[in-house]
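All remarks here apply to the structure that follows.
The values are calculated or read from the model by the stated rules, or taken from the named source; none is laboratory data. These numbers were taken from a predicted model, which means no experiment stands behind them. Here Cβ is always computed from backbone atoms with ideal geometry, including for glycine, and neighbour counts include all displayed protein chains.
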Amino acid sequence: MKLTAESAPSSAHARQRATVMARLRKDKWTYVLLAPGLLYFLIFKYVPMWGVLLAFQNYQPFLGFWKSEWIGMENFRIFFDNPEFFMLLRNTLVLSLYNLLFFFPAPIILALLLNEVRRAFFKRTIQTMIYVPHFISLVIVASLTYVFLTTQNGIVNTMLEKYTGDTIDFLGSPDWFRPMIITQTIWKESGFGTIIFLAALAGVDVEQYEAAIMDGANRWRQMWHITLPSIRNTIVILLILRMGDVLDNGFEQIYLMLNPLNREVAEVFDTYVYMMGITQGAFSYSTAVGLFKAVVGVILVLGANWTAKRFGQSGIY
Amino acid sequence: MSKSYRSLGGTLFDIFNYLLLSLIGIAAVLPFLYIVAGSFASDSELTRRAFFIIPQSFSVAAYKYIFSTDTVTHSIWNSLMITVGGTIVNLFFTVTMAYALAKRGLMGRNLVLNLVIFSMLFSGGMIPTYLVVRELQLLDTFWALILPGAISAFNLIIVKNFFQEIPPELEEAARIDGCAEIGLLWRIVLPLSMPVLATFTLFYAVGHWNNFFSALLYINDPEKWPLQVMLRQIVLLSQMAAGSAQSVDYNYVKEAEQSIKMAVIVVGTIPILLVYPFLQKHFAKGVLIGSVKG
């Protein structure tokens with residue numbers, strides 16, 4: 001066969017190739033098991049990655065990918081020149097900042113409070129209650145928000161009217177959009193977010209506390225000098241992950257709460273991509289927007305990881 | 001902590017802490033209690049009484065109404081099919097790939113692992129993925145809700161790590177007894193992995209039941225809408241799907257609006273609350289947490 005003829009000059013090479021073939025044959029069934037998953041990643045993860053090239057095209061569905069015209073950075077230029085760009089950037093960053101300031105500390109504080117509880121039954125009961133919202137869909141969360149806050153018979157406005165004589169249109173007001181989103185996130189995720197910190201806290205050596213008590217440290221000092229340092233690594237890792245998501249506000253939640261009345265503060269990159277791409281069919285343009293977002297995300301997460309390592313923390317990559 | 005170290009400040013802190021945590025716990029579940037109560041109340045009661053947990057005028061009119069039309073029932077059925085079918089696909093794809101990747105000597109293993117990890121860092125995004133699904137002619141089919149998310153890279157790596165922990169001697173012994181690769185997976189590895197698989201079954205299933213994004217993206221045909229999309233139509237957009245709205249007395253809808261919305265929310269939440277105790281049992285064991293860093 002051709003194979004043997006070619007490899008004749010170098011017998012080492014031939015042996016190597018023979019081992020490769022033998023190993024492939026030996027693991028034949030393992031490769032069969034690998035195939036469906038690998039195909040999945042190639043088709044649904046890597047073809048779309050290659051599909052980001054659409055961003056540099058003027059993609060026409062009837063021409064297809066191969067025949068559409070290449071236009072270089074034109075889509076990006078249009079996007080950055082568009083006044084909407086700054087609105088999207090501002091809305092996205094403000095929401096992320098709010099999230100970092102108001103939501104990020106919530107599970108940490110909650111975990112610290114739970115950690116101080118000595119009665120196991122009480123602790124378990126509270127945990128059972130606060131984990132529930134994590135499993136509720138965002139549609140339900142948005143529905144609850146609507147049902148509570150609507151001006152037509154919603155409980156909050158019914159009460160407001162009773163006591164102040166006035167109602168507030170929370171759902172259609174730009175001022176209330178961000179507080180609403182952050183409240184939803186805090187309600188839904190701060191309970192479940194405690195798990196990772198509680199796991200880290202469970203590993204703290206009790207002797208450390210005993211020694212601290214002997215030295216006369218009160219509860220605050222124990223928390224400050226023992227408890228907090230023991231979850232510092234976890235906090236750093238979560239912060240790094242958070243960095244990668246700075247431009248990622250979570251499509252579903254925003255989309256569900258977005259309406260024409262609060263659009264000026266509510267529209268973010270993800271919802272804009274959906275609107276331009278799926279609703280209006282501007283595939284290339286919206287791919288460019290999405291690509292911009294993804295690339296900034298990768299840069300941010302790698303940058304945060306690098307910074308954390310420089311400051312002596314263990315990164316994740 | 002033993003009693004002798006307790007100070008007055010410590011005791012005050014404890015009281016404050018227990019009170020605060022109780023309030024937080026109540027805040028997490030109270031919205032549901034109110035919604036359940038409201039779904040059994042009349043709309044006049046909802047207007048009259050601000051907040052209540054037990055309705056005075058107990059009525060199942062809201063439930064009667066939502067099950068009197070096909071709209072909600074049909075979407076529940078769709079959601080069930082997607083959840084069951086999708087979870088089976090998830091498990092099949094995740095387990096087979098994780099098993100193959102758990103073999104350290106496998107050629108090309110590192111390459112594939114890196115492909116998986118890179119896909120967690122960078123994604124093609126909404127539009128390219130949408131176009132792939134469209135090219136595959138999957139739009140408006142349940143496959144569009146199942147295949148594009150067949151494997152969660154994160155779950156895959158956790159299951160792979162778990163499979164790696166299984167002692168190789170067990171597999172060797174089975175191999176000597178004449179067990180082939182697939183038999184090995186089926187008869188040795190899977191039975192040993194039941195707790196982990198139960199966890200992922202539940203998490204995948206909850207994910208399917210709760211999924212709204214994929215359906216919004218890929219399903220235009222109201223006949224194929226899952227419950228989450230229907231829920232949004234009814235509660236957020238305040239309208240029943242076109243077909244059935246005409247067959248219903250308009251005044252009746254108007255009258256019962258708020259309680260109907262609440263009833264639909266309850267229907268959408270109940271399946272989650274039913275599996276919640278099982279979910280909690282598993283994640284509380286730390287199956288997921290231990291693997292986050294490893």
Q | Leading residue by the ranking (surrounded by the fewest Cβ atoms within 10 Å (Cβ to Cβ)) among those in the stretch A:159-207 that are aromatic (Phe, Trp, Tyr) and more than 28 Å from A:Asn115 (Cα to Cα) | A | A:Tyr163
(Q) Looking at (1) touching a residue at least 24 places away in the same chain (Cβ under 8 Å); (2) touching a Cys at 6+ places or on another chain (Cβ under 9 Å), which one does B:Arg187 not meet, given that it meets all the others? (A) (1)
Q: Any residue in the stretch B:142-171 that's over 22 Å from A:Met49 (Cβ atoms) and modelled with pLDDT under 95: show its pairings with residues that are in a helix (DSSP H, G or I) and of a type in the set (Lys, Arg) at Cβ separation under 7 Å, as long as the two are six or more apart or on different chains.
A: none
Q. With (1) touching a Phe, Trp or Tyr at 6+ places or on another chain (Cβ under 8 Å); (2) in contact (Cβ under 8 Å) with a residue 60 or more places away in the chain as the list, and B:Asp43 as the residue in question, which single condition is left unmet?
A. (1)
Q: Filter the stretch B:107-146 down to the residues that are over 30 Å from A:Leu300 (Cα atoms) and surrounded by 17 or more Cβ atoms within 10 Å (Cβ to Cβ), then identify the one that is farthest from the other protein chains (Cβ to nearest Cβ).
A: B:Phe142
Q) If you check A:Leu241, A:Leu247, which single one turns out to be crowded, with 20+ Cβ neighbours inside 10 Å, under 15 Å from A:Asn99 (Cα atoms) and at pLDDT below 85? A) A:Leu247
Q.
Please verify whether A:Thr279 is of a type in the set (Val, Ile, Thr) and surrounded by fewer than 18 Cβ atoms within 10 Å (Cβ to Cβ), treating the condition exactly as stated.
A. yes
Q: Among what's in the stretch B:107-120 and is in contact with a Phe, Trp or Tyr (Cβ under 8 Å, 6 or more places away or on another chain) and within 30 Å of A:Met275 (Cβ to Cβ), pick the residue that is modelled with the lowest pLDDT.
A: B:Met120
Q | Residue within the stretch A:160-169 that is of a type in the set (A, V, I, L, M) and either more than 19 Å from the chain's Cα centre (by Cα) or within 18 Å of B:Met262 (Cβ to Cβ) (or both) present | A | yes
Q: Consider B:Ala215 carefully, then state whether it is in a helix (DSSP H, G or I), of a type in the set (Gly, Ala, Ser), within 23 Å of the chain's Cα centre (by Cα) and closer than 30 Å to B:Glu257 by Cα.
A: yes
Q. Which residues, counting only those in the stretch A:106-132, are free of Cβ contacts under 8 Å to residues at least 12 places away in the same chain, among the aliphatic types (A, V, I, L, M) and facing chain B (nearest Cβ under 8 Å)?
A. A:Leu113, A:Val117
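This table checks each residue for (1) within 10 Å of chain A (Cβ to nearest Cβ); (2) buried (at least 18 other Cβ atoms within 10 Å of the Cβ); (3) in contact with a strand residue (DSSP E or B) (Cβ under 9 Å, 6 or more places away or on another chain); (4) over 30 Å from B:Leu184 (Cα atoms).
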{"position": "B:Ile26", "(1), (2), (3), (4)": "yes, no, no, yes"}
{"position": "B:Leu46", "(1), (2), (3), (4)": "yes, yes, no, yes"}
{"position": "B:Asp70", "(1), (2), (3), (4)": "no, no, no, yes"}
{"position": "B:Gly86", "(1), (2), (3), (4)": "no, yes, no, no"}
{"position": "B:Thr94", "(1), (2), (3), (4)": "yes, yes, no, no"}
Q | 3 or more residues among the charged types (D, E, K, R) and modelled with pLDDT of 90 or more: qualifying helices (runs of 4 or more DSSP H) within the stretch A:46-126 | A | A:74-81
Q: Just give me the residues in the stretch A:32-75 being of a type in the set (Val, Ile, Thr) and away from chain B (no Cβ under 12 Å), in sequence order.
A: A:Ile71
Q | Residue in the stretch A:250-281 that is nearest to the chain's Cα centre (by Cα), counting only those that are β-branched (Val, Ile, Thr) and more than 20 Å from A:Phe102 (Cβ to Cβ) | A | A:Thr271
